[in-house]
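The values are calculated or read from the model by the stated rules, or taken from the named source; none is laboratory data. Worth saying up front: this structure is predicted, and the values here are computed from it rather than measured. Every residue, glycine among them, receives a Cβ derived from its backbone with ideal geometry; neighbour counts consider all protein chains shown.
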Amino acid sequence: MAKTVVVGIDGSNESKDALRWAADYVSVLGGLLHAVTVWSQPVQLGYRLPYPDDELKRRAQESLDEAISPIRTEYPKLDLRTHLLRGNVEDEFVRLSEQADLLVLGNKGHGTLTGVFVGSVALKLVHHARCPVTVVR
């Protein structure tokens, strides 16, 4: 049975490293790789910042496209699918982990525009994911 690997992409170098690791893993062992970016309206001090949803979604999509472009070139036979989701990063990845064989994350990330993958989020997912988790450093 083919492995289903989900990798979190937030535009940071760490998430790009995680994507490369996951692409290597799937290219050797076979399976399906899902590259996922989760975006949401940023909140600061309890207030939503006034960014239009369309702009945030566009930035998230650009970040995802930039991350996967070199992977598609290097691994032309890789079954790589992309997903852009709106929601809470932790909740979305816990939900995705219910159907995955492996969740791959970078050890840190950046910013709330395309999702937060700071160490604390990766740590929470290590504890709450429904499948094994690899944190790439």
(request) Select, from Gly30, Gly87, Gly8, Gly106, the only residue that is in contact (Cβ under 8 Å) with a residue 24 or more places away in the chain, in contact with a helix residue (DSSP H, G or I) (Cβ under 9 Å, 6 or more places away or on another chain), of a type in the set (Gly, Ala, Ser) and surrounded by fewer than 19 Cβ atoms within 10 Å (Cβ to Cβ). (result) Gly87
(request) Please name all residue pairs, on different chains or six or more residues apart, with Cβ atoms under 8 Å, provided the first residue is in the range 121-137 and is surrounded by 14 or more Cβ atoms within 10 Å (Cβ to Cβ) and the second residue is basic (Lys, Arg) and not in a helix (DSSP H, G or I). (result) Ala122/Lys108
(request) Only residues in the range 53-69 that are buried (at least 17 other Cβ atoms within 10 Å of the Cβ) count as the first member; pair them with residues that are of a type in the set (A, V, I, L, M) and part of a helix (DSSP H, G or I), Cβ under 9 angstrom, at least 6 apart or cross-chain, and list the lot. (result) Ala67/Leu19; Ile68/Leu19
(message) Being within 20 Å of Val28 (Cα to Cα) and hydroxyl-bearing (Ser, Thr, Tyr) is the filter here; which residues of the range 59-81 pass it?
(response) Ser69, Thr73, Tyr75
(request) Read through the list (1) more than 21 Å from Gly11 (Cβ to Cβ); (2) at pLDDT below 95, then give the number of the only condition that Gly119 fails. (result) (1)
(request) Report the residue count in the range 64-111 for those that are more than 20 Å from Val126 (Cβ to Cβ), part of a helix (DSSP H, G or I) and at pLDDT below 95. (result) 0
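Can you confirm whether the range 28-51 contains a residue that is of a type in the set (Val, Ile, Thr) and assigned to a helix (DSSP H, G or I)? Break it down into steps so the answer makes sense when it comes.
Start the filter on the range 28-51 by keeping residues that are of a type in the set (Val, Ile, Thr), which leaves 28, 36-38, 43.
The next check asks that each one be assigned to a helix (DSSP H, G or I); those that pass are 28.
Among the residues of the range 28-51, at least one is of a type in the set (Val, Ile, Thr) and assigned to a helix (DSSP H, G or I), which makes the answer yes.
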(request) Would you check if Ser97 is touching a residue at least 12 places away in the same chain (Cβ under 8 Å), in contact with a Cys (Cβ under 8 Å, 6 or more places away or on another chain) and small (Gly, Ala, Ser)? (result) yes
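So which residues in the range 55-101 are among the hydrophobic types (A, V, I, L, M, F, W, C) and either touching an Asp or Glu at 6+ places or on another chain (Cβ under 6 Å) or more than 19 Å from Ala18 (Cβ to Cβ) (or both), if there are any at all?
Going through the range 55-101, the residues among the hydrophobic types (A, V, I, L, M, F, W, C) turn out to be 56, 60, 64, 67-68, 71, 78, 80, 84-85, 89, 93-94, 96, 100.
Scanning the range 55-101 gives Leu56, Leu85.
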